[in-house]
Every structure is written in C-alpha cells, then in structure tokens.
Amino acid sequence: MASEETPTMTQPPIRTESAPEAKTAPTRAWAVRLMIVGIVLAALNLRPAITSLGALLEEVRDGLGMSGSVAGLLTSVPPLCFAIFGVMAPRLARRFGPGAVVCAGMAAIAAGLVIRPFTGSTVGFLVASGLALMGIAVSNVLMPVIVKRWFPDRVGSMTGLYSMALALGTSLAAAVTVPMTDALGGNWKTGLAVWAALAVAAVVPWVTLVRERGAEGGITAGTSQQDNGLRITRSRTAWALAVFFGLQATAAYITMGWMAQIFRDAGVSAGTAGVLLAVTMAMGVPLAFVIPRLATRLPSQGPIVVALGVCGLAGYAGLYLAPSGGAWAWAVLLGISNCAFPLALTMVGMRARTGTGVAKLSAFAQSTGYLISIPGPLLVGVLYQHSGGWGVPIALMAALMVPQIVVGVIAGRNRTVEDEAAPAGAV
C-alpha cells in the first residue's frame, strides 16, 4: 500500500501558475518528513513533566513540606491547566498557526521544567509547573488537528504513532527518573530539571517548520468556508466523548500521581515502584499504535471501550486484594486500561468530518474532559489521608470505570458532530 509507505502532505498547496509541480514535490516531501519528526518529538514531551514528578513525589513532598492534601492538589494541577489552556488552543492556532503554537508550547515546557525544582516553595513549584503544563495543554489539543489536516487518509496510523511516542515518553520518565536522579547525585531537583533537555530538542523541528511556513496553515487554510456556526455543545456525541475523555483522564492522572505511592506503601521499594509505574505506562507504547489503527477499521469503537474497561476493573481489584503480591499483573492490566487515551484521541478525529470540526471537538472534549478529571487525584489524596489506607481510594477508582464504559460506548457510535450540531439550513 504505497500511501502508507510514502507520506503525502495534505495541507492545501500554494497554487501559482508559474510554480511547476516537479519543483514543489521535493519541498513538500521534506516538510512532511520533518512534520512527522516534530509530531513524535512533541508527543514525547507531553507527559514527562507529570510522571517524573510522580516517581519523586515523596521526595518533593518532603523537600517542600507538603501535606498529603497539598500533594493531591499538585496531582490535580495537570488536568486543571489542560482544561483552562486547552480551550484557548484553536483560537491561538487561528491567529498564529498551529505550528507556531506547538513550538511555543515546547519552549514553555522546557522553561517550566527548568524553573520549577529551584523555586524553593510550593507556590513557585505550582506556578512553574503551570507554565510547562500550559505548553502541554495547547499541544494536546492541536495534535489531532494537525494529523487530520496533514494526514486525513492516515488518521489511525498517525494518531497511533504520536500516541505511541507519548506513551514512550511517559514510561521513560517514570522508569528512569529515580535511577537518573541517583546517578546525578541524588538531588530530586536535578532529577526533575533534566527533562527540560527533551523539550528543547522538540523545539528545533517546529522552529524550522514555522520559519518555512510549512505548518502555518493547519487550521486557518481552507477552513473559513467550513465554519458554518457549528455549535459543538449541541452534539450528544461531543458530550459523550468529553465525559469519556474526562473519566479516562481521571484514571490516568490518579495512576501517574499515586500508583507508585500505592506500591511503596504496600512494601515495594521506591525503585521497583517506579519501574512498576513505568510498566503501566509502557503498555501504551505498542497498544497506542495498535488501538487507533484497529479503531479506524471498526464501525463502532464500543467493543474496544468495554475490553479496556474490564482490564481496568480487574487491575483495581488486584490492587485492593493483593497490591504487592500481584503487582506486576496489576501494572499490566492498568496499563492496558489506560490505553483509553489514544482511543479517545482517535475518536476525536473520527467523530468530525472537517478540520474545523476536529478543532472544535478536540478543544471541547479535552478541555471539558480535563475539567471533569480535576477532582479525582485531589479526592484520592484526601481519602488516603483521612482513611489511613488505599482501600477507599481504590474502590473509588473502580467505581468510576463503570460510567467510563457507558459513555465510551455512546461516543464510539458511527456518527459525526456535524450531523448532530450543524445549524439549521446547513448542508
């Protein structure tokens, strides 16, 4: 299948009578390859700011004098920032171009990761984390948009590629942060700050793309005629996808923020707990590539939603009954369940027909979803502190999996938001 092997740039070409096709093709092929590199590097940076902190949360709490409730607030900061800043992404992209916004986002991640360990206070740590998370938020929203516009015939494979890179960055940060911190002298501040280097590397291809104006038209070009007043909040599919996104995000951020601590409290060493978290995140590396490709081949994504939910329920049951005895099995099962995230991203691309529809659906589903997920990690921290154990928090995690399955099945139905939310008289 030649189209799978040779990427084709689907961004609207510059139409000039004097520019021969043979002259533009090599430039376009070069731009597409660089775009793929940029997407992969950006995706690698979308979670290390969070999972590196999860691996060193106990050390950060001790170093900054945080209580359990404040630490729970810290784990709630990512979805809060994603909800606030994610909704701004389409507007910023229309004004500056999605490439420029993603490039700025990578720079913000680098700056936030460098600054936050050395602020010396909980407030400063939260503010610097917010800067990094702002960069992650806008990139989260714009990735499906960029994929839809540059690779409309390869949404599944390209979503799988960047989801796989995202999972790889997530698992690497969880696995190597503790040993890397030890190798760098045992200072948790250095162990967190070193991840800024990866964000700096991601800036390079995006700067090149923006300077060449190869990524500037991702949203604006060719979409003005498509924006016929689509009101995304009128779509039941959009709401179902937003709630599904929110519930899977709740589970993911509870896992990233607290799972290592659950294992440590069960008697597992800090290093092994970090590896177990890495195993959970690493399950997304192969599955994040496979699931989107499978999802695009099915008329309904409901069966995948159910299968992932059952794995989550089994994993939580194991954590409740034998957290240390079957730790590796629970880590694997929860890792499979967390692959609801790439499935949700794939459905964003599938539930809208146009670039404008994808932009609006992506911003709405992710911003609303992350808003829904905010209380989860904080509530887990409060329940843990006041119940004196992990039984009640784990029961809460399992209970939330049931509505996640229900709304996921609804979001997976074969329909588009344009069909449901188009204004009266629109074709």
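The values are calculated or read from the model by the stated rules, or taken from the named source; none is laboratory data. Source: prediction; values computed, not measured. Because the Cβ atoms are built from the backbone with ideal geometry, glycine has one as well, and the counts that use them run over all protein chains shown. Ligands, DNA and RNA are excluded from the accessible area calculation, which covers all protein heavy atoms including side chains. Shrake-Rupley method; radii C 1.70, N 1.55, O 1.52, S 1.80 Å.
Here are some notes:
- The helix-only estimate of mean residue ellipticity at 222 nm for the chain, built from DSSP H runs of length n ≥ 4 each weighted as -39500 (n - 2.57), is -25000 deg cm²/dmol after division by the residue total.
- Whether the stretch 281-343 is rounded, prolate or oblate, judged on the alpha carbon gyration tensor where a/c under 1.5 counts as rounded: oblate
- According to the Cα-based calculation, Rg over Rh for the stretch 339-407 is 1.12, with Rh computed by the Kirkwood formula.
- Ser235 long-range amide H proximity, modeled H, under 5 Å: none
- Overall Cα dimensions of the stretch 233-287, principal axis frame, Å, largest first: 50, 25, 11
- Förster radius 51 Å - calculated FRET efficiency between Asn414 and Glu212, Cβ distance, rounded to 0.05: 0.85
- A Gaussian network model of the chain, with springs between Cα atoms under 10 Å, assigns the largest mean-square fluctuation among Thr122, Thr255, Thr159 to Thr122.
- Of Arg236, Arg116, Arg351, the residue with the greatest mean-square motion in the GNM of the chain, using alpha carbon springs below 10 Å, is Arg236.
- Using alpha-carbon coordinates, inclination of helix 270-282 to the longest axis of the chain, degrees: 30
- Sorted into 5 angstrom bins from 0, the C-alpha pair distances of the stretch 70-164 split as 3, 14, 20, 21, 18, 12, 7, 4, 2, 0 percent.
- Derived value for the stretch 244-370: Kirkwood hydrodynamic radius 15.3 Å. Basis is the mean of 1/r over every pair of different alpha-carbon atoms.
- Prolate/oblate/rounded call for the stretch 316-379, Cα gyration tensor, a/c under 1.5 rounded: oblate
- Once all protein chains are placed together, Met134 keeps about 60 Å² accessible to a 1.4 angstrom probe.
- With all protein chains kept in place, the per residue accessible area of the chain amounts to 39 square angstrom at a probe of 1.4 angstrom.
- Accessible carbon and sulfur surface of the stretch 265-407 relative to its total accessible area, %, 1.4 Å: 76
- Mean Cβ count within 10 Å, highest first, over the residues of peptides 370-379, 30-39, 49-58: 49-58, 370-379, 30-39
- Comparing Asp62, Asp153, Asp265 in a Gaussian network model of the chain (Cα springs below 10 Å), the most mobile by mean-square fluctuation is Asp62.
- The 3J(HN,Hα) values that the Karplus relation (6.51, -1.76, 1.60; θ = phi - 60°) gives for the stretch 118-128 are, in residue order, 10, 6, x, 8, 5, 4, x, 4, 5, 5, 5 Hz. Gly and Pro appear as x.
- Proximal charge balance of Phe118 [Cβ under 15 Å; K/R count +1, D/E count -1]: +1
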